[in-house]
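S.K.: Before I ask anything, here is the structure I am working with.
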Amino acid sequence: MNGQDARAAVHRAINQVAPDVGPEDLESGARLRQDLELDSLDFLRLVETIDTSTGVNIPERDYPQVSTVGGLIDYVTAHG
């Protein structure tokens, strides 16, 4: 998956899990749990939504790599 498609998929997934997060909040360095205020259940729903929409499974051991919007986009790009 190319970076643009991955970015769109991640933005859609975040919007689905946290509809109150605006596009201006989705900067590459934004931390999912702290800056976007996703709690642990929201984060797990986000991981599941990414898996369902892109086919990219994110194992728990890789969660530190996807702690930011940019990290999640990079991960989906590399594994999609």
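S.K.: Residue under question is GLU37, and the condition is that it be of a type outside the set (Val, Ile, Thr) and not in a helix (DSSP H, G or I); does it hold?
M.R.: yes
S.K.: Condition test on ILE58, is it crowded, with 18+ Cβ neighbours inside 10 Å, modelled with pLDDT of 95 or more, among the aliphatic types (A, V, I, L, M) and not in a helix (DSSP H, G or I)? Explain how you work it out, then say what you get.
M.R.: Details: crowded, with 18+ Cβ neighbours inside 10 Å: yes; modelled with pLDDT of 95 or more: yes; among the aliphatic types (A, V, I, L, M): yes; not in a helix (DSSP H, G or I): yes.
So ILE58 passes the test.
S.K.: Kindly provide the set of residues from the stretch 61-78 that are within 16 Å of ASN2 (Cα to Cα), surrounded by 15 or more Cβ atoms within 10 Å (Cβ to Cβ) and not acidic (Asp, Glu), ordered by number.
M.R.: Within the stretch 61-78, VAL69, GLY70, GLY71, LEU72, ILE73, TYR75, VAL76, THR77 meet the criteria.
S.K.: A further question on this structure: Select from the stretch 61-80 the residues that are under 11 Å from the mean Cα position of the chain (by Cα), part of a helix (DSSP H, G or I) and among the polar types (S, T, N, Q) and list them in ascending order.
M.R.: Filtering the stretch 61-80 for residues under 11 Å from the mean Cα position of the chain (by Cα) gives 63, 65-76.
Narrowing the set further to residues that are part of a helix (DSSP H, G or I) leaves 63, 65-66, 69-76.
Result: GLN65, single match.
S.K.: Looking at the stretch 26-47 only, could you name the residues that are acidic (Asp, Glu) and either more than 15 Å from ARG7 (Cα to Cα) or under 11 Å from the mean Cα position of the chain (by Cα) (or both)? Can you show your working first?
M.R.: Step one: list which residues in the stretch 26-47 are acidic (Asp, Glu), which gives 27, 35, 37, 39, 42.
Hits for the stretch 26-47 are ASP35, GLU37, ASP39, ASP42.
S.K.: Let me ask something else about it. Would it be correct to say that ASP42 is modelled with pLDDT of 95 or more, assigned to a helix (DSSP H, G or I), surrounded by 15 or more Cβ atoms within 10 Å (Cβ to Cβ) and among the acidic types (Asp, Glu)?
M.R.: yes
S.K.: Scan the stretch 2-29 for residues that are surrounded by fewer than 16 Cβ atoms within 10 Å (Cβ to Cβ) and assigned to a loop (DSSP other than H, G, I, E, B) and jot them down.
M.R.: ASN2, PRO19, ASP20, GLY22, GLU27, SER28, GLY29
The values are calculated or read from the model by the stated rules, or taken from the named source; none is laboratory data. Remember, predicted model here, so these are calculated numbers, not experimental data. Positions of Cβ are backbone-derived with ideal geometry, glycine not excepted, and every protein chain shown enters the neighbour counts.
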